[in-house]
Amino acid sequence: MEIPKKVAFTTLGCKLNFSETSGIAKQFEEAGFERVDDDEFADVFVINTCTVTELANKKSKQAIRKISIKNPKATIVAVGCYSQLKPGEVASIEGVNLVLGSENKFQILEELQKLNGNKETKVLIDNQNQQKAFTPTYSYGDRTRSFLKVQDGCDYYCSYCAIPNARGRSRNNSIAKTLEIAEEIVSKGIKEIILTGVNIGDFGKASGENFFNLILALEKLSGLERLRISSIEPNLLTDEIVKLVSNSHNVLPHFHIPLQCGTDNLLRLMKRRYTIALYRKKIEAIKQLMPHACIAADVIVGVPGETEDEFEKACSFIKSIDISYLHVFTYSERENTLAVKMENQVPIHLRKERSKIMHDLALEKQTIFQEQHLGTIRKVLFEAEEDQKMMGGFTDNYIRVEVPFSANLINTIRNVQLVKINSNGHVTGKLIEN
């Protein structure tokens with residue numbers, strides 16, 4: 001009997017990358033490979049890279065080097081966004097055998113066979129501007145929650161962002177085909193599906209449909225207990241979507257709405273498609289219908305043109321709106337973007353100072369949101385991980401809750417009273433008998 005070859009995966013960046021890694025892993029498993037952790041011996045290592053910031057590039061490079069040093073005889077494949085934008089840089093890293101871009105990564109088995117022991121690094125990158133294919137994927141390593149890729153690419157070309165160059169134009173499957181994949185996920189016993197993509201609110205361009213109708217169709221899927229929407233642009237979050245969520249039994253009251261910059265002047269410079277007035281209107285509309293809803297926002301500090309006054313105005317605006325979490329990013333120059341050529345670049349030391357201030361504001365917002373829900377009872381979907389005899393899960397409105405570990409809680413949705421904020425920033429809960 002032939003011993004199956006072993007393959008290991010390292011994934012950096014967004015949930016979309018994790019979804020796509022699962023899709024690639026499925027190909028290997030169907031071809032007879034055994035999947036192992038990336039700290040174990042493997043014949044093939046696949047690193048799915050990220051390029052959203054310069055730090056992401058650095059982390060991707062470090063991950064590749066670490067694996068190469070530890071596994072000098074393994075075949076190393078670098079795929080994804082960093083590989084797409086910097087193929088020569090990635091190929092020059094010692095030990096890399098194959099470099100595949102954002103779309104070519106799904107041809108990985110075919111390209112590995114073509115190597116046939118050749119040690120010369122092969123690079124295969126498509127022109128993203130001509131890319132039309134959509135490859136659906138979903139994560140399945142955790143039988144509790146699954147990230148379902150429903151859209152890829154972006155047509156927005158914001159001045160600071162390199163992702164459209166890395167992932168190409170906006171594209172998607174039809175609603176009917178997306179439903180088929182969602183049914184497959186539910187059949188595995190997974191309780192929650194999170195819709196993910198680069199710009200999911202843009203869903204439908206490739207099929208003449210729209211995101212609202214996708215949610216409407218998925219909401220009716222038999223056996224699906226939870227449906228969560230990931231990041232959606234404020235200008236694409238329609239009133240009908242908000243109303244649907246407020247009336248739904250399984251679409252969760254959790255919105256991730258990128259803000260990026262907190263003044264109209266900076267939004268204009270960054271080529272965002274909304275104003276702070278529109279953003280405030282969206283927040284207020286959600287909270288009016290769902291006071292308990294979680295609203296997360298992305299914010300970039302230190303973008304070109306961000307004066308001290310602009311930064312203070314941004315902080316004041318964020319303090320004035322009822323958001324629950326902030327994901328704070330420090331601006332870093334990205335090649336082939338408009339922002340890198342702009343005047344009034346913010347010095348690095350000021351970017352770091354402002355990042356610290358914004359992170360403090362993020363913690364303040366998170367604490368306020370958690371405190372608002374202490375004493376309430378919410379439904380929690382428990383996950384399998386155990387940490388120091390505690391286990392965790394998320395409420396419907398995305399509060400991380402921890403209770404003493406019990407194996408029979410895994411992948412169940414239970415009523416939990418939120419008791420207190422603990423030392424790691426999560427909420428300690430008390431199980432309530434259903």
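The values are calculated or read from the model by the stated rules, or taken from the named source; none is laboratory data. Note that this is a predicted model, so its numbers are computed, not measured. Cβ atoms come from the backbone with ideal geometry, glycine included; neighbour counts cover every protein chain shown.
A few notes on this one:
- A search for C-beta distances below 8 Å between a residue of region 82-98 that is without any contact (Cβ under 8 Å) to a residue 40 or more places away in the chain and any residue that is of a type in the set (D, E), counting only pairs 6+ apart in sequence or on different chains, returns L98/E111.
- Number of positions in region 338-348 that are part of a loop (DSSP other than H, G, I, E, B) and buried (at least 19 other Cβ atoms within 10 Å of the Cβ): 1
- Residue count for region 393-434, restricted to those that are out of contact with any strand residue (DSSP E or B) (no Cβ under 9 Å at 6 or more places or on another chain) and more than 23 Å from I368 (Cβ to Cβ): 1
- Annotation: A296 fulfils all but one of (1) surrounded by fewer than 18 Cβ atoms within 10 Å (Cβ to Cβ); (2) touching a residue at least 40 places away in the same chain (Cβ under 8 Å); the unmet one is (1).
- With respect to the stated conditions, Q372 fails to be buried (at least 18 other Cβ atoms within 10 Å of the Cβ), out of contact with any helix residue (DSSP H, G or I) (no Cβ under 9 Å at 6 or more places or on another chain) and in a helix (DSSP H, G or I).
- Filter result for the condition that a residue is under 23 Å from the mean Cα position of the chain (by Cα) and either small (G, A, S) or not assigned by TED's automatic domain parsing to the domain that holds A293 (or both), over S355, S406: S355
- Failed item, numbered, when F147 is tested on (1) of a type in the set (F, W, Y); (2) part of a strand (DSSP E or B); (3) touching an Asp or Glu at 6+ places or on another chain (Cβ under 6 Å): (3)
This table checks each residue for (1) in contact with a His (Cβ under 8 Å, 6 or more places away or on another chain); (2) at positive phi; (3) at pLDDT below 95.
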{"position": "I318", "(1), (2), (3)": "no, no, no"}
{"position": "E333", "(1), (2), (3)": "no, no, yes"}
{"position": "E343", "(1), (2), (3)": "no, no, yes"}
{"position": "D360", "(1), (2), (3)": "no, no, no"}
{"position": "I368", "(1), (2), (3)": "no, no, no"}
{"position": "K379", "(1), (2), (3)": "no, no, no"}
{"position": "I399", "(1), (2), (3)": "yes, no, no"}
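- Taking the criterion of being over 23 Å from V52 (Cα atoms), surrounded by 14 or more Cβ atoms within 10 Å (Cβ to Cβ), touching a helix residue (DSSP H, G or I) at 6+ places or on another chain (Cβ under 9 Å) and not aromatic (F, W, Y), the only residue of region 9-33 that qualifies is Q27.
- When residues of region 267-278 are limited to those that are over 11 Å from P234 (Cβ atoms) and either in contact with a Gly (Cβ under 6 Å, 6 or more places away or on another chain) or not hydrophobic (A, V, I, L, M, F, W, C) (or both), the one surrounded by the most Cβ atoms within 10 Å (Cβ to Cβ): L269
- Taken across region 279-294, residues that are modelled with pLDDT of 95 or more, farther than 19 Å from V150 by Cα and touching a Gly at 6+ places or on another chain (Cβ under 7 Å) do not occur at all.
- Extreme residue, farthest from H256 (Cα to Cα), among residues of region 307-324 that are in contact with a Lys or Arg (Cβ under 8 Å, 6 or more places away or on another chain) and crowded, with 18+ Cβ neighbours inside 10 Å: F311
- Taken over region 213-232, the criterion of being surrounded by fewer than 18 Cβ atoms within 10 Å (Cβ to Cβ) and in contact with a Lys or Arg (Cβ under 7 Å, 6 or more places away or on another chain) is satisfied by E225 alone.
- The criterion of at least 1 residues that are β-branched (V, I, T) and over 21 Å from the mean Cα position of the chain (by Cα) is met by the following helices (runs of 4 or more DSSP H) wholly inside region 1-101: 54-70, 87-91.
For (1) in the same structural domain as I190 (by TED's automatic domain parsing); (2) within 21 Å of the chain's Cα centre (by Cα); (3) small (G, A, S), each residue gets a yes or a no:
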{"site": "E209", "(1), (2), (3)": "yes, no, no"}
{"site": "L214", "(1), (2), (3)": "yes, yes, no"}
{"site": "L218", "(1), (2), (3)": "yes, yes, no"}
{"site": "G223", "(1), (2), (3)": "yes, no, yes"}
{"site": "R226", "(1), (2), (3)": "yes, yes, no"}
{"site": "I232", "(1), (2), (3)": "yes, yes, no"}
{"site": "K243", "(1), (2), (3)": "yes, no, no"}
{"site": "V251", "(1), (2), (3)": "yes, yes, no"}
{"site": "H254", "(1), (2), (3)": "yes, yes, no"}
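- Tallying residues that are touching a strand residue (DSSP E or B) at 6+ places or on another chain (Cβ under 8 Å), in a helix (DSSP H, G or I) and charged (D, E, K, R) within region 254-286 yields 0.
- Subset of region 83-118 [buried (at least 24 other Cβ atoms within 10 Å of the Cβ) and of a type in the set (D, E, K, R)]: K105
- No other residue among N247, N210 is surrounded by fewer than 16 Cβ atoms within 10 Å (Cβ to Cβ) and more than 30 Å from E343 (Cα to Cα) apart from N247.
- Yes/no for I377 being in contact (Cβ under 8 Å) with a residue 60 or more places away in the chain, surrounded by 13 or more Cβ atoms within 10 Å (Cβ to Cβ) and among the aliphatic types (A, V, I, L, M): no
- Within this structure, G80 fails the test of being small (G, A, S) and surrounded by fewer than 24 Cβ atoms within 10 Å (Cβ to Cβ).
- Qualifying residue in region 192-200 (condition: over 19 Å from the mean Cα position of the chain (by Cα), closer than 29 Å to L381 by Cβ and charged (D, E, K, R)): no
- Screening Y398 with (1) surrounded by fewer than 19 Cβ atoms within 10 Å (Cβ to Cβ); (2) closer than 28 Å to I321 by Cβ gives one miss only, at (1).
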